[in-house]
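Peer 1: Supplied in C-alpha cells, the structure appears directly below.
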Amino acid sequence: MGRAFVYVILGGGVAAGYAAHEFVKKDVPHGELCIISDEPVAPYERPALSKGFLLPEAPARLPSFHCCVGSNEERLTPKWYKEHGIELILGTRVKSADVKRKTLLTTAGETISYKTLIVATGARPLKLEEFGVTISDADNVCYLRNLADAQRLVNVMESSTGGNAIVIGGGYIGMECAASLVINKVNVTMVFPEAHCMGRLFTPKIASYYEEFYKSKGVKFVKGTVLTSFDSNSEGKVTAVNLRDGTKLPADMVVVGIGIRPNTSLFEGQLTLEKGGIKVNGLMQSSNASVYAVGDVAAFPVKVFGDIRRLEHVDAARKAASHAVTAIMNPDKSIDFDYLPFFYSRVFTLSWQFYGDNIGEAIHFGDYSGTTFGAYWISKGRIVGSFLEGGTKDEYEALSKMTRLKPEVDDLAELERQGLDFATTVSVKLMPSSPPTEAGSSDVVVEKPLYAWHATAGVIFAASIAAFAYWYGRRRRRL
C-alpha cells in the first residue's frame, strides 16, 4: 500500500506551513504536494505557544494562529489546504526514509514516494533523563514544544495558581514561560547553570536589566547550579527539586527548557550532517539533490558571515522554507539564500530584537534604567551584531539594514555616544540604490571611516536624503 507525490514536506511545523504557502504562490498543481506530520493539526505558528497560548485572558487558540499569520499573510486552515489540492497526512509518524529510492515508510506501514522532499522535521526538547534525572514524566513536569505540550502546561498551571513553579533553564523557553506563569499568578523560581539569563545571546549588562525586571515581578533566580533530583509524593507528582548546590526548592509544577536537538535520525548515514543538522547549500539543498532541509534541522551557509550555521528561530524557518520552494520550482532563476540572523522576544511589556552575530566587543548604548537601550558588537573593526529593546518599527528596520552593511568603526566612544542614531544615519546614508532582499547577492562594504563625515555633515546629509528619495521612488514604481 502506498501513495506517490511530486513534492513531500516531512514535518508539520512553521517551516511546513510557509513552504506550502510558497508552493501555492508558485502554482503547484493540485494533488502534487503533501505534508506529513506527527501532530494531529495543520501547521501553526509555534511562537504562539510560549506567548499567547499561555495567557490567562484571551489566550491564543487554533485556528487563530495557523500559518501564515505570523508574517501578516493569510491563515492556512485545513480548508485552505483542501481548496489548494494539498494532502495533509496528519497524526502520522515516519519510521524510516530511503533517499536513494525516494520513499518514506510510516509506522502504519504505508509507503509514500516523492520526487522532491523538503525535510522540516524541526527539533525535539532535550529531556532531563539525558542528564541523569529521573521521573521527568511526572504529571506536573512540563516541556513546551508542540500544541499538546502547551495544553498540558496550561492545565498544570491552572491547578497551581498561588503555588510554586520551578523553571529549569534560562533561555527562550525559560524566560517566556516564566513571564506567563507570573501573569497566571504562580510563584516562579528560575534555575540555570549560567552566570546570567539568555547566556548564548545577552551580555551581562543586558541580562542584568531583564533579571531585575523579572525580580520586580516576583521572579527569583538561582544561578550557577543545576537540577539533580526530584522529591515526589505517593501519587508520583513532584513536590520539590534538589539542586547540585544543596538547595531544595518546593514545587507544585516544573517547567523544563534546557535546549533542543534537531530531528535528523531518519537521515543519518544518508545525508551529510553538520552543526547537529542536515547540511544544505545556498538553495537549501542537501547532499542528495532531491532532498532539501529547512528550519531548525537545517545547517545552511550564512553569506554575511561566510560560515555554516543552524539557527533555532522562527524567522529563519519561515524565510528558508520560502527560499527552498523557490529553488525547487524555479531552479534557473534561483540564487543563494542571503539571510541576516535575526532573533526576537516579547515578555511582559518588554520587546527586543537582535540582528547578526554577538561576537567581539559589545558597545552598550541608551538608558539601561529606562525602556529603550541596546548594544553593538564589533569584530575586526566592523559592526557585526546589534540589539535593541523598546524600539519602533523604523528603528528596528534601520538596525537590520545597518547590521547587514557591517560598517567600519574607528571610534568606539563616539559609537557609544551616538547609540541608536548611528544605525539610523548609516542605514540611510550607505544603503545601495536597490534595497537588499533576503536572497540578495552581496554585502556592501564600507571602506572609509564613518566619522570623517562630521566636517561636511550638511552636504552629505542632503545628498543622503536625495539618494534615499530616489531609491524610494524607484521602489514605489516597482511595487
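Here, each number is a calculation from the coordinates, and none is a lab measurement. Quick caveat, the model's predicted, so the values are computed rather than measured. Virtual Cβ from ideal backbone geometry, glycine too; neighbours counted across all protein chains shown.
Peer 1: Rounded to whole Å and sorted largest first, what semi-axes of the equivalent ellipsoid does the C-alpha gyration tensor of the stretch 195-246 yield via the square root of 5 times each eigenvalue?
Peer 2: They are 28, 14, 8 Å, listed from largest to smallest.
Peer 1: Set the Förster distance to 45 Å, then compute FRET efficiency between residue 161 and residue 333 from the Cβ-Cβ distance, nearest 0.05.
Peer 2: The calculated FRET efficiency here is 0.20.
Peer 1: In debye, nearest 20: dipole of the chain around its Cα centre with unit charges on the Cβ of K, R (+) and D, E (-)?
Peer 2: 880 debye
Peer 1: Now for a separate question. Whose amide H sits under 5 Å from the amide H of residue 292, counting only residues 5 or more places off or on another chain, with H placed in the peptide plane?
Peer 2: Here the answer is 117, 118, 119, 286, since their amide H atoms fall under 5 Å of that of residue 292.
Peer 1: Name the residues of the stretch 1-30 whose amide N is less than 18 Å from a point 7 angstrom out from the Cα of residue 200 along the C-beta direction?
Peer 2: Residues 14-15 qualify, since their backbone N sits under 18 Å from the label point.
Peer 1: Against the 2.2 N^0.38 Å scaling, with N counting residues, where does the chain land? I'd like the Cα-based Rg ratio to two decimal places.
Peer 2: Relative to the 2.2 N^0.38 Å estimate, the chain comes out at 1.04.
Peer 1: Compute the distance in nm between two label points, each set 7 Å from the Cα along the Cα-to-Cβ direction, one at residue 137 and one at residue 308.
Peer 2: 3.5 nm
Peer 1: Please report the net charge: other residues with Cβ closer than 13 Å to the Cβ of residue 93, K and R +1, D and E -1.
Peer 2: So the environment of residue 93 carries a net charge of -1.
Peer 1: Against the 2.2 N^0.38 Å scaling, with N counting residues, where does the stretch 128-258 land? I'd like the Cα-based Rg ratio to two decimal places.
Peer 2: With N residues counted in the stretch 128-258, Rg over 2.2 N^0.38 Å equals 0.98.
Peer 1: I would also like to ask the following. Nearest 0.05, what FRET efficiency do residue 208 and residue 185 give at R0 = 25 Å with Cβ-Cβ as r?
Peer 2: It comes to 0.45.
Peer 1: Sticking with this one: Can you give me the pair-distance distribution of the stretch 281-369, C-alpha pairs, 10 Å bins, whole percents?
Peer 2: Cα pair-distance distribution for the stretch 281-369, in percent: 15, 42, 25, 14, 5, 0.
Peer 1: Do any cysteines of the chain lack a neighbour Cys whose Cβ is under 4.7 Å away, and which are they?
Peer 2: Taking the Cβ cut-off of 4.7 Å, the unpaired cysteines of the chain are 34, 142, 177, 197.
Peer 1: Go ahead and collect, in residue order, the members of the stretch 253-296 whose backbone nitrogen is under 13 Å from a label point 7 Å along the Cα-Cβ direction of residue 111.
Peer 2: Residues passing the 13 Å test: none.
Peer 1: Using the count of nearby Cβ atoms within 10 Å as a rough guide to exposure, how do 200, 101, 382 rank from fewest to most?
Peer 2: Going from sparsest to densest Cβ surroundings: 101, 200, 382.
Peer 1: What is the distance, in nm, between label points placed 7 Å from the Cα along the Cα-to-Cβ direction at residue 367 and at residue 412?
Peer 2: Using points 7 Å along Cα→Cβ, the separation is 2.6 nm.
Peer 1: Right, another one. If I model a spin label as a point 7 Å beyond the Cα along the Cα-Cβ vector, how far apart are those points for residue 231 and residue 77 in nm?
Peer 2: It works out to 5.0 nm between the two label points.
Peer 1: Would you calculate a helix-derived [θ] at 222 nm for the chain, using -39,500 (n - 2.57) for each DSSP H run of n ≥ 4 and dividing by the full residue count, to the nearest 500?
Peer 2: My calculation for the chain gives -8000 deg cm²/dmol from helical runs alone.
Peer 1: Check residue 345: other-chain or 5+ apart residues with amide H under 5 Å from its amide H, H built from backbone geometry?
Peer 2: When sequence neighbours closer than 5 places are left aside, the close amide H contacts are 352.
Peer 1: Picking from 108, 218, 140, whose Cα lies most toward the positive end of the charge dipole for the chain (charges on Cβ: Lys, Arg +1; Asp, Glu -1)?
Peer 2: 108
Peer 1: Additional query: Compute the distance from the alpha-carbon center of the stretch 202-229 to that of the stretch 23-55, in whole Å.
Peer 2: Cα centroid of the stretch 202-229 versus Cα centroid of the stretch 23-55: 34 Å apart.
Peer 1: Please report 111, 349, 272 as a ranked list, fewest other C-beta atoms within 10 angstrom at the top and most at the bottom.
Peer 2: So the residues, fewest neighbours to most, are 349, 272, 111.
Peer 1: Now a separate question. Pull out the extension gain between residue 215 and residue 382, defined as 0.36 nm times the separation in residues minus the alpha carbon to alpha carbon distance; nm, one decimal.
Peer 2: Extra length from residue 215 to residue 382 when fully extended: 56.6 nm.
Peer 1: Report, in listed order, any pair from 95/115; 215/380; 115/333; 223/303; 25/115; 127/401 with a Cα-Cα distance greater than 27 Å.
Peer 2: 215/380; 223/303; 127/401
Peer 1: Turning to a different aspect of this structure: Classify the stretch 188-311 as rounded, prolate or oblate from the Cα gyration tensor: take a ≥ b ≥ c as the square roots of its eigenvalues, call it rounded if a/c is under 1.5, otherwise prolate when a/b beats b/c and oblate if not.
Peer 2: Verdict is oblate for the stretch 188-311.
Peer 1: Please name which of 84, 43, 68 has its Cα lying farthest along the dipole of the stretch 1-143 towards the positive end, using unit charges on Cβ (Lys, Arg +1; Asp, Glu -1) and the Cα centre as origin.
Peer 2: Positive-most Cα among the choices belongs to 84.
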